[in-house]
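These notes concern the structure reproduced below.
The values are calculated or read from the model by the stated rules, or taken from the named source; none is laboratory data. If you're wondering where the values come from, they're calculated on a predicted model, not measured in any experiment. Virtual Cβ from ideal backbone geometry, glycine too; neighbours counted across all protein chains shown. These accessible areas exclude ligands, DNA and RNA; they are computed on the full protein's heavy atoms, side chains included. Shrake-Rupley method; radii C 1.70, N 1.55, O 1.52, S 1.80 Å.
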Amino acid sequence: MSVVIDSGLRAQFPAADKLLYLDSAHQTPLSRPVRAALDSFYDQALFTAGPKTNWLRRVEEVRVQLASFLGVGAQEIAFTKNTSEGLNIAAHGVSWEPDDNVLLLEGEHPNNAYAWLSQRQHGLQVRLVPQDKKWADADTFAPYIDERTRAIAVSHVMFHSGQRNDIAAIAGLARRHNVAVIVDAMQSVGVLEVDARALGVSALASGCHKGLLVPQGLGFLHTPCDVVEFPPTYVAAAGVANARADLVAGPDPVELRAGARRFEIGNFNLPAIHALGAALDLLEHVTTAQVEEHVLSLGDQFLTRLDGLGIALVGPAERERRSHIYVLELTDPGWPEYFAAENVRLSPVRDGIRVSFGLYNTADDVERFSDILQRGLARHTRHAA
Ligand SMILES: Cc1ncc(COP(=O)(O)O)c(C=O)c1O
C-alpha cells in the first residue's frame with residue numbers, strides 16, 4: 001500500500017468513509033486540517049475581528065507557498081475566484097485582429113471554450129481541433145496553426161476523458177510560432193506534478209476545489225511575465241502600483257503593479273486563502289509525486305478489474321497519458337441511479353460514467369467499486385438502447 005495512505009491520511013477525510021467517494025474530479029471532500037484552518041479564521045473574525053492586516057499578511061504567505069508548490073515566483077501568481085476568471089483574464093488579454101484565430105480542442109471544458117467563443121462576435125476565429133488519438137500533443141495542433149494563430153487554449157487533464165495532454169510539447173510548438181499557450185490546470189494541480197515553469201506556458205489557471213482541497217470560490221492564475229504580458233481587462237486598486245494611501249483616485253496615469261497582482265481586483269476570499277495554506281501544508285507533506293503515483297496505481301488496479309468485466313475506457317489506458325480520472329463506457333441511463341443507491345459518489349459525463357480518485361482513496365475502494373460494477377452488469381446493459 002502506498003505511503004500516502006499509510007500516513008493515516010484517509011482519516012483526515014471523513015466523507016470518504018461515509019460513502020464510496022470516487023468524485024475528486026468534481027470536488028474533493030473537506031479534510032480535517034482544512035476545516036481547522038477555516039474554523040480558526042472564523043474564530044478570529046468572531047472574537048477579534050481580524051485584524052485584516054494579519055489576514056492580508058497571511059494572503060502573502062500563502063501566495064509564496066502556492067508559488068513554490070508550482071515551482072514559480074510569488075510575483076507570477078494572482079488569486080482569482082475560480083478557473084474561469086483566470087482563463088478569461090488571459091483570453092481577453094491576448095491581442096488579436098479580426099480574422100486572427102485561436103486553437104481549442106474539440107470537446108474542451110466550456111469554461112475554457114466560452115472565454116474564446118464569446119469573442120467571435122468581434123471577428124476572432126475559433127478553430128476546434130479534432131483529436132486523432134486519445135490525447136493531444138504538438139502533432140494534434142500543428143496542422144491547424146498558421147500565421148494568424150494567436151493562442152492555443154488547452155486543458156492539462158480533460159474532465160470528460162481523463163486524458164493527460166502533453167503541455168510541454170504543445171508549448172514548444174506554440175513558442176516556435178510565437179503563439180500564446182493558455183492552460184486550464186483545474187484537473188491536474190495537486191494531483192499530478194505541475195511544474196508551471198518547466199511547462200513553458202504563457203498562462204495557467206486553476207480553481208482550488210479539486211486537487212488543492214479547499215471549498216469552491218478560490219482560484220489562481222499563473223503568468224510568467226517574461227513570456228507574455230496580458231493587459232488586464234478589469235482594474236481596481238489592488239492591481240494599481242500608484243494607488244494612493246488616502247484612497248483618493250487622482251488624475252495621475254495609472255501604473256499597474258508588476259507581475260500577476262495587476263490582475264487582482266477587490267477583496268480576497270480570505271477564508272479560502274487561509275484554508276489553502278493548510279491544504280498546501282498537507283500536500284507538501286504527502287508530496288504531489290506520491291499523490292500522482294497513488295492515483296495512477298489505483299488506476300492500474302482498476303484497469304485490470306475493468307478488463308475482467310469487459311468494460312471499456314473512454315480515455316487512454318497508457319500510464320503516462322492518463323490521470324486520476326477514468327471514464328467508463330457505460331451509457332445505459334440506469335447506471336447513475338444504481339450507483340447512488342449503492343452509496344457511491346461519482347459523475348455521469350457525456351460519454352459514460354466518470355470515476356475519479358483522490359489521495360484519500362484506497363485499493364479497497366477500487367475492489368468494492370469493481371464488485372458493485374460486476375453486480376450492476378447483471379442488471380444493466382452497458383449502452384443505452
Ligand atoms: C477542466 C476544468 N476547468 C474548469 C472547471 C471549473 O471551472 P471553475 O473553477 O471556473 O468553476 C472544471 C470543473 O469544475 C474543469 O474540469
Among residues of the stretch 64-93 being of a type outside the set (Gly, Ala, Ser) and not in a helix (DSSP H, G or I), the residue farthest from the ligand (Cβ to nearest atom) is VAL72
Report the residue count in the stretch 87-108 for those that are farther than 17 Å from THR149 by Cβ and touching a helix residue (DSSP H, G or I) at 6+ places or on another chain (Cβ under 8 Å).
4
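Residues checked against (1) in contact with a Pro (Cβ under 9 Å, 6 or more places away or on another chain); (2) not in a loop (DSSP other than H, G, I, E, B):
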position	(1), (2)
SER95	yes, no
ASN111	no, yes
GLN131	no, no
ALA136	no, no
PHE141	no, yes
Among (1) open to solvent by 30 Å² or more (accessible area, probe 1.4 Å); (2) within 16 Å of the ligand (Cβ to nearest atom); (3) not hydrophobic (A, V, I, L, M, F, W, C) - the single one LYS210 does not satisfy
(1)
Among the residues of the stretch 221-233, are any closer than 17 Å to GLU193 by Cβ and open to solvent by less than 50 Å² (accessible area, probe 1.4 Å)?
yes
Pull out all pairs, ordered by first then second residue, where Cβ-Cβ is under 7 Å, the residues are six or more apart or on different chains, the first lies in the stretch 151-170 and is under 24 Å from ASP100 (Cα atoms), and the second is assigned to a helix (DSSP H, G or I) and within 11 Å of the ligand (Cβ to nearest atom).
ALA153/ASN112; SER155/ASN112
Tally up the residues in the stretch 31-69 that are in contact (Cβ under 8 Å) with a residue 60 or more places away in the chain, within 25 Å of HIS222 (Cβ to Cβ) and open to solvent by 80 Å² or more (accessible area, probe 1.4 Å), please.
1
Which numbered condition in (1) within 11 Å of the ligand (Cβ to nearest atom); (2) over 17 Å from SER202 (Cα atoms) is the only one that HIS156 fails?
(2)
Would it be correct to say that ALA113 is buried (at least 24 other Cβ atoms within 10 Å of the Cβ) and either in the same structural domain as ARG257 (by TED's automatic domain parsing) or within 16 Å of the ligand (Cβ to nearest atom) (or both)?
no
Quick check on the stretch 163-188: of everything there that is within 13 Å of the ligand (Cβ to nearest atom) and in contact with a Lys or Arg (Cβ under 8 Å, 6 or more places away or on another chain), which residue is nearest to TYR114 (Cα to Cα)?
MET186
Output for Cβ contacts, cut-off 8 Å, separation at least six or different chains, first residue without any contact (Cβ under 8 Å) to a residue 24 or more places away in the chain in the stretch 246-272, second β-branched (Val, Ile, Thr) and not in a helix (DSSP H, G or I), reads VAL254/VAL235; VAL254/VAL240; GLU255/VAL240; ARG257/VAL240
Only one of LEU173, LEU204, LEU192, LEU218 that is in contact (Cβ under 8 Å) with a residue 12 or more places away in the chain, farther than 25 Å from LYS134 by Cβ, open to solvent by less than 30 Å² (accessible area, probe 1.4 Å) and of a type outside the set (Phe, Trp, Tyr)
LEU218
